[in-house]
Amino acid sequence: MAWESDPSDRERLDAFFRFFHTVKGSCGFLNLPRVEKVAHTAEDVLAAIRTGDRTPDPATISAVLTAMDWIEAMARAFGDGEAGPPESDDDVLLDMLTAAPGVVEEPVTKTESAAEIHKPAQPSGPRERAPRTVRISLSLIDQLMNAVSDMVLARNELSRKLRDHHVDPDVEGSFERLSACVADMRDMVSKTRMQRVDRLFTALPRMVRDLSQDLGKKVDLTLEGGDVEMDREMIEMVLDPLTHIVRNALDHGIEAPMDRVAAGKDITGSIRIAARQSGNQIVIEVADNGRGIATDSLVAKALRLKLISEADLPGMNHADKLALIFHPGLSTAEQVSAISGRGVGMDVVRTNVERIGGVVMLDSSVGRGTTLQLRVPMTLTIIPGLILRCGDEHFAIPRGNVIELLHENGGMVTVENVAGARIATIRGERYSLIDLEQLLGRGRAANVGGSRTLMLVGSPTGLPYALGVDAVENHEELVIRPASPVVMAAGIFAGMTLPDNGRPMLLLDPAGIAQAADLPMELPRNDAAAEKARQADSEKRVQTIPALQFIEMSGQQRLIPLDTVERIEDIAASLFGTTGNQQFVRLGERLVPVVNPTSIDRELLKTLHLRVGGQEVCYVVHDVEDIIDMPIRPHLRVQKLGIAGIVAHDGQHLEVIDTHSLFAGLAAADEAAASTPGICLIAGLAEDPWMRTILAPLLIQAGYDVRDAEASGQKQRGPAVLLCDAGSIEQPSASVPVIRLRAQADADMREAESIYRYDRDGLLAAVEGALRRQAA
């Protein structure tokens, strides 16, 4: 494909020639005359192109590609013990290869990224050795991943028992190191399952080329993000939906050349496929600059098929009309073709993507093109989840599907019964309310104080809905395993997991719950104002970040961005210490500063371990309250040291910690400590034990750069001072002042302009004064 876009690329032509030459030789040795004949004929064609007797026109390149496909089919037939393609196909293929080249227009497909990927590397310098590899079976990788998952579960169980028994902090430190090793091993094993998205892109250039020729269209295909990695199973599941989307873009999206010219567009259409990683999701975007989706035509067909009624039209916006394309049996094609047109495509695409926990997003503008986005999990084995209580049992739900957590009796929530259905109104927007206990046929547990929790869940099949549960108790990384077929047949579970509490539990499927509750795709809207309010609220939620709500030792309620909190832990008071005005805590073999020094009045202190970049500190708190969504811009800015502003939440006024000044002060202190105020040259450092064991450590602790005067030479960069014995013959220098140290404390020895070696304050003052004068 890349050679077709650049026929002058001689290196690529030579590579193709060598391929067919090798196949021909191997088949002669293996006595495979059919393959040998085809390879020999293709080799002759390429040889003629190399000598200039034949041009690499599209017809010739199509014949060469067909020969490659035929050889691949024969190779697979040999492996399966089958006969392969019939011999009657051989003559047709040979005629294609030997036919005189015709006059054909310029190539219709250009794949820039494929050219970059497959182009042979230019030799530059010594040849590097390829990385050593070993080939293992996929089943072994799966077994290894299962073993690591068991290790994660064992780690979770051990963590629970350590918390229950309040073990020694040294044991907790060892456990933290073990947990880090387990996490690293899990990540490394997970990477063995990862493959580059290039695998998804491999067949697309050829497919686009062949279909565009069949349809008589000219198309530029651009591939981006091939180096992004995702789970191999996810790649296999996404391949078919992505292929169908690209075929739709070619058939329905890109116009015929004459239609594009009439519309004032370039005669060559474009399809751009880009992959990127966003958190724990992979985003694959397919965009074309074709005719777009005519929503009026979609609505007319939906009315004709009775998928919607006339009464639904006033409340439908542009996105609602576009979503009609996902209805089974609805197609934008005017006539059925060999490529598409029967309306059995986009609904299957969405179903397959949602089956693996993904989401399909669509945007289109008539005359400008269509953009379709697939958002799928990077892996399905270990996901973050929330642990919730329903009656006397616990369940898990993927954290990525939960939009918001609220209390049923909160001021912004109203619950009512409408025509036998429960509706939750949250900030003016209505959502269907599902009580999980009722859906599962379980009785409610007795609530001792407090209220029920409402989870606003994003359903891939329609609008978000509210899920009522007794409580949300924890969040953690969950190892997902397949559940039994009987359990999965219920349609509301996505698997099973063993969380930190050691009790097996089922993982809820948000889409399955919506389907089991028979939720409508749309809720009736009161008016256009309600829709605008919902959009404004959605935009407001986007401009928030998760924050940890905690209580200071003084009792003040405050917030801190959750991204800066590495962990929350109880630390024994014996591990705290103070030197000067700096309080610190011992974590393993490290001394970590405490940014809010406090009195040690209890055996265990709850701390927030904060880390940003390479900086880490401990923040002592009284207790941790909750995790909330905090607006990026505080409701009120304040001019107060260490406080960025004030946020109003749930009837409270919460101060927001200014993490910028927190870590900026720490970085400034580190920089000041790291900078050396000057150089102290010590004469006789290597020979004199007192100089080496007493004087040098004193100066190093004071922050000076200590060096041996004999080894350092005479030239020094920056201010320096020479320290020597009072009886030394060292002479004062204009560039390096000399400080003489005497061994006696007698007063009459001061006349010798020396300092008593055990006069700590006088010695350090003399060094500081000499260096300051020299720097001035």
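A short reminder: the numbers here are calculations on the coordinates, not readings from a lab. All values reported here derive from a predicted model rather than from experimental measurement. With ideal geometry, Cβ positions are generated from the backbone for all residues, glycine too; neighbour counts draw on all protein chains shown.
Calculated FRET efficiency, Ala702 and Ala573, Cβ-Cβ r, R0 30 Å, to nearest 0.05?
Efficiency, rounded to the nearest 0.05: 0.45.
Under a Cβ-Cβ cut-off of 14 Å, what is the net charge of the residues other than Pro510 that fall near it, where Lys and Arg count +1 and Asp and Glu count -1?
-1
Let me check I've understood the local charge: for Leu313, count other residues with C-beta under 10 angstrom from its C-beta, Lys and Arg +1, Asp and Glu -1. What total comes out?
-2
What does the charge count around Arg193 come to, taking other residues whose C-beta lies under 14 Å from its C-beta (Lys +1, Arg +1, Asp -1, Glu -1)?
For residues surrounding Arg193, the net value is -1.
Say the cut-off is 32 Å between C-alpha atoms; which of Lys191/Lys218; Lys24/Lys191; Lys161/Lys191; Lys24/Lys218 go over it?
Among Lys191/Lys218; Lys24/Lys191; Lys161/Lys191; Lys24/Lys218, the Cα-Cα distance tops 32 Å for Lys191/Lys218; Lys24/Lys191; Lys24/Lys218.
Normalised by the residues of region 238-300, what does the relative contact order come to in percent, with Cα pairs under 8 Å and at least six apart?
This gives 32 percent for region 238-300.
Give, in nm to one decimal, the length gained when the segment between His475 and Arg163 is fully stretched (0.36 nm per residue of separation minus the Cα-Cα distance).
Full extension from His475 to Arg163 adds 110.7 nm.
Given a cut-off of 19 Å, name the pairs among Lys265/Lys301; Lys301/Lys321; Lys217/Lys265 whose C-alpha atoms lie farther apart than that in the structure shown.
Beyond 19 Å: Lys265/Lys301.
Between Glu710 and Thr425, 0.36 nm times their residue separation minus their Cα-Cα distance comes to what?
Here the answer is 94.4 nm.
Using a Förster distance of 60 angstrom, determine the FRET efficiency expected from the C-beta separation of Ser554 and Met207, and round it to 0.05.
FRET efficiency, Ser554 to Met207: 0.35.
According to a simple spin-label model (label point 7 Å from Cα along Cα-to-Cβ), what is the distance in nm between Glu236 and Leu215?
It works out to 3.0 nm between the two label points.
How far apart, in nanometres, would the label points at Asn409 and His622 be if each is projected 7 angstrom from Cα along the Cα-to-Cβ direction?
2.4 nm
Could you give the length gained on full extension between Ala686 and Leu30, defined as 0.36 nm per residue of separation minus the Cα-Cα distance, in nm?
Here the segment from Ala686 to Leu30 would lengthen by 228.4 nm.
Starting from the Cα of Gln277, step 7 Å along the direction of its Cβ; do the same at Asp69; then give the gap between the two resulting points in nm.
3.5 nm
For the peptides 43-51, 201-209, what is the packing order when you average, over each peptide's residues, the other Cβ atoms within 10 Å and list the highest mean first?
201-209, 43-51
What whole-number value in cubic angstrom gives the convex hull volume per residue for the C-alpha atoms of region 537-631?
Residue-normalised Cα hull volume stands at 110 Å³.
Set the Förster distance to 51 Å, then compute FRET efficiency between Cys181 and Asp347 from the Cβ-Cβ distance, nearest 0.05.
Rounded to the nearest 0.05, the efficiency is 0.65.
Below 8 Å between Cα atoms, with a sequence gap of 6+, how large is the relative contact order for region 163-243 in percent?
Result for region 163-243 is 36 percent.
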